[in-house]
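Novice: What follows is a single structure, and I will ask about it in a moment.
The values are calculated or read from the model by the stated rules, or taken from the named source; none is laboratory data. These numbers were taken from a predicted model, which means no experiment stands behind them. For neighbour counting, all protein chains shown are included, and Cβ atoms are generated from backbone atoms with ideal geometry for every residue, glycine included. Note: accessible area is taken over every heavy atom of the protein model, side chains too, but ligands, DNA and RNA are not part of it. Shrake-Rupley method; radii C 1.70, N 1.55, O 1.52, S 1.80 Å.
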Amino acid sequence: MQQIYDDIRGDFRYDNELNGCLNCGICTATCPAAHFYDYSPREIVQLLWTENVEQIYDAMQEKIWACAQCMTCAARCPFKNSPGGLVAIMREVAIKHEMQSAKDVLRPFGRVMLKLITTGNQLSPDMIQPDHFPDWGPNIQKVEGDLTVLRKAIPVKTLQTVETAWEVSLKTSVEMYTIWEMTGVLKSLELMDENLFDVIDDFIDEKREEYDEWLEEQEDDD
Ligand code: SF4
Ligand code: SF4
C-alpha cells in the first residue's frame, strides 16, 4: 500500500498537478462524473494532499475509474490543481501494480485495443450493422446498402475503406508500434492481459518483418 502511494507521489507530474487544496469543491461542482457516480475530485485531491495512504488505496479500487478525463476540473481549480491529471497518475500506478480494479475496468476494452493495434483504427464502417444499433430506430436504414460503393463515393482516397475507418500505411503502423513500446503502452497491456499481449506481440513482429522486407525490396530496386 505504501509503495503504491510512493509511486503516485514519485511521478514526475505530481508536483505540477497538486499545489494545495482549499477544499472549496469547485472541481466537484463542475465534474460530469460526480453527477452520475459516487465520485468526487475534491475528495481525491484531499486524500492525496493529506497523504491518507489507506483511503487512497480504497479510492483506487473503484472511484478513480469513474473520471472521464475531460479536465474541466483543471481549468476551474483556483489552486491550479489537476484532479483529472492526478487520477491519470493513480490509474497508471494501479496498472503498474496489476491491481484487480484496473484489470476489471480495462478488460472490456481488449477488443478495441486489438482492433486499434492491428488496423490503426478503433472503429470501421463494416462494424455499423443494423442489427447492432436498434436504438438508432429507422435512421439505421441510411447506412444500409453496399458499403464498398458508398465508401468509394468519398473523394479522399484513404477513406475509401470498409474494414478500417481509413487506410494506415505499413510505415505508419510500424512507427506506432515503436511509440507504444517506448511510452510503456505495450508493457501496461502485458501487465493487464497477458494473452491479449501475446497475440498483439506476434502480430507486431510479423508486421515489422513485413516492413523490413519491403525496405530491402526498395533498396534492391534502387
Ligand atoms: S477530469 Fe475527471 S475529475 Fe476532472 S472534471 Fe473531468 S471527470 Fe471530473
Ligand atoms: S482541487 Fe481545487 S477546486 Fe477542487 S476542492 Fe481543491 S482547491 Fe477546490
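Novice: List pairs: first in region 18-31 and more than 11 Å from residue 84 (Cα to Cα), second among the charged types (D, E, K, R) and away from ligand 1 (no atom under 12 Å from the Cβ), Cβ under 7 Å, 6+ apart or cross-chain?
Specialist: The qualifying pairs are 19/80.
Novice: Take the residues of region 24-33 that are open to solvent by 30 Å² or more (accessible area, probe 1.4 Å) and more than 6 Å from ligand 2 (Cβ to nearest atom): which is farthest from the chain's Cα centre (by Cα)? Let's see the steps before the verdict.
Specialist: Taking region 24-33 as the starting set, the residues that turn out to be open to solvent by 30 Å² or more (accessible area, probe 1.4 Å) are 24, 26, 28-30, 32.
Narrowing further to those that are more than 6 Å from ligand 2 (Cβ to nearest atom): 28-30, 32.
Working: 28: 23, 29: 25, 30: 23, 32: 19 Å.
Of everything passing the filter in region 24-33, 29 is farthest from the chain's Cα centre (by Cα).
Novice: Now a separate question. Which of the residues spanning region 94-107 are open to solvent by 20 Å² or more (accessible area, probe 1.4 Å) and either more than 14 Å from the chain's Cα centre (by Cα) or at pLDDT 95 or above (or both)? Break it down into steps so the answer makes sense when it comes.
Specialist: Taking region 94-107 as the starting set, the residues that turn out to be open to solvent by 20 Å² or more (accessible area, probe 1.4 Å) are 95-98, 100, 103-107.
Listed by number, the residues that qualify are 96, 97, 98, 100, 104.
Novice: Would you confirm whether any residue within region 82-93 is more than 10 Å from ligand 1 (Cβ to nearest atom), open to solvent by 40 Å² or more (accessible area, probe 1.4 Å) and either aromatic (Phe, Trp, Tyr) or at positive phi (or both)?
Specialist: Of all residues in region 82-93, those more than 10 Å from ligand 1 (Cβ to nearest atom) come to 89-93.
Now narrow it down to the ones that are open to solvent by 40 Å² or more (accessible area, probe 1.4 Å): 91-92.
Add one more test, that the residue is either aromatic (Phe, Trp, Tyr) or at positive phi (or both), and what stays is none.
There is no residue in region 82-93 that is more than 10 Å from ligand 1 (Cβ to nearest atom), open to solvent by 40 Å² or more (accessible area, probe 1.4 Å) and either aromatic (Phe, Trp, Tyr) or at positive phi (or both).
Novice: Still on this structure: Among the residues of region 93-112, is any in a helix (DSSP H, G or I), touching a residue at least 24 places away in the same chain (Cβ under 8 Å) and under 30 Å from residue 158 (Cα atoms)?
Specialist: Yes, because at least one residue in region 93-112 is in a helix (DSSP H, G or I), touching a residue at least 24 places away in the same chain (Cβ under 8 Å) and under 30 Å from residue 158 (Cα atoms).
Novice: Within region 34-49, restricting attention to residues that are in a helix (DSSP H, G or I) and in contact with a Ser or Thr (Cβ under 6 Å, 6 or more places away or on another chain), which residue is nearest to ligand 2 (Cβ to nearest atom)?
Specialist: Filtering region 34-49 for residues in a helix (DSSP H, G or I) gives 34-36, 41-49.
So of that shortlist, the ones also in contact with a Ser or Thr (Cβ under 6 Å, 6 or more places away or on another chain) come out as 34, 41-42.
Values: 34: 11, 41: 6, 42: 4 Å.
Taking the candidates together, the pick is 42.
Novice: I've got another one for you. Kindly indicate whether any position in region 37-46 is surrounded by 13 or more Cβ atoms within 10 Å (Cβ to Cβ), over 30 Å from residue 200 (Cα atoms) and of a type in the set (Asp, Glu).
Specialist: Step one: of region 37-46, the residues surrounded by 13 or more Cβ atoms within 10 Å (Cβ to Cβ) are 37, 39-46.
Now drop any that are not over 30 Å from residue 200 (Cα atoms), which leaves 37, 39-46.
Now drop any that are not of a type in the set (Asp, Glu), which leaves 43.
Yes, the conditions are met somewhere in region 37-46.
Novice: Can you confirm whether residue 71 is on the phi > 0 side of the Ramachandran plot, among the aliphatic types (A, V, I, L, M) and within 16 Å of ligand 2 (Cβ to nearest atom)?
Specialist: On the way: on the phi > 0 side of the Ramachandran plot: yes; among the aliphatic types (A, V, I, L, M): yes; within 16 Å of ligand 2 (Cβ to nearest atom): yes.
So residue 71 fits the description; yes.
Novice: Check whether at least one residue in region 189-200 is open to solvent by less than 50 Å² (accessible area, probe 1.4 Å), within 27 Å of residue 127 (Cβ to Cβ), free of Cβ contacts under 8 Å to residues at least 12 places away in the same chain and of a type outside the set (S, T, N, Q), and report yes or no. Even if it seems obvious, please write down each step before you answer.
Specialist: Residues of region 189-200 that are open to solvent by less than 50 Å² (accessible area, probe 1.4 Å), as a first pass: 189, 191-192, 196-197, 200.
Those still in the list that are within 27 Å of residue 127 (Cβ to Cβ) too: 189, 192, 196-197, 200.
If we keep only those that are free of Cβ contacts under 8 Å to residues at least 12 places away in the same chain as well, we get 197.
Checking which are of a type outside the set (S, T, N, Q) leaves us with 197.
Scanning region 189-200, I find at least one residue that is open to solvent by less than 50 Å² (accessible area, probe 1.4 Å), within 27 Å of residue 127 (Cβ to Cβ), free of Cβ contacts under 8 Å to residues at least 12 places away in the same chain and of a type outside the set (S, T, N, Q), so the answer is yes.
Novice: Of all residues in region 52-65 being in a loop (DSSP other than H, G, I, E, B) and away from ligand 2 (no atom under 15 Å from the Cβ), which is least open to solvent (accessible area, probe 1.4 Å)? Give the steps one after another, and end with the answer.
Specialist: Of the residues in region 52-65, the ones in a loop (DSSP other than H, G, I, E, B) are 52, 60-62.
Remaining after also requiring away from ligand 2 (no atom under 15 Å from the Cβ): 60-62.
Working: 60: 0, 61: 80, 62: 142 Å².
Checked region 52-65; the qualifying residue least open to solvent (accessible area, probe 1.4 Å) is 60.
Novice: For residue 21, state whether it is farther than 21 Å from residue 98 by Cβ, surrounded by 14 or more Cβ atoms within 10 Å (Cβ to Cβ) and within 8 Å of ligand 2 (Cβ to nearest atom).
Specialist: Numbers: farther than 21 Å from residue 98 by Cβ: yes; surrounded by 14 or more Cβ atoms within 10 Å (Cβ to Cβ): yes; within 8 Å of ligand 2 (Cβ to nearest atom): yes.
Yes: the conditions hold for residue 21.
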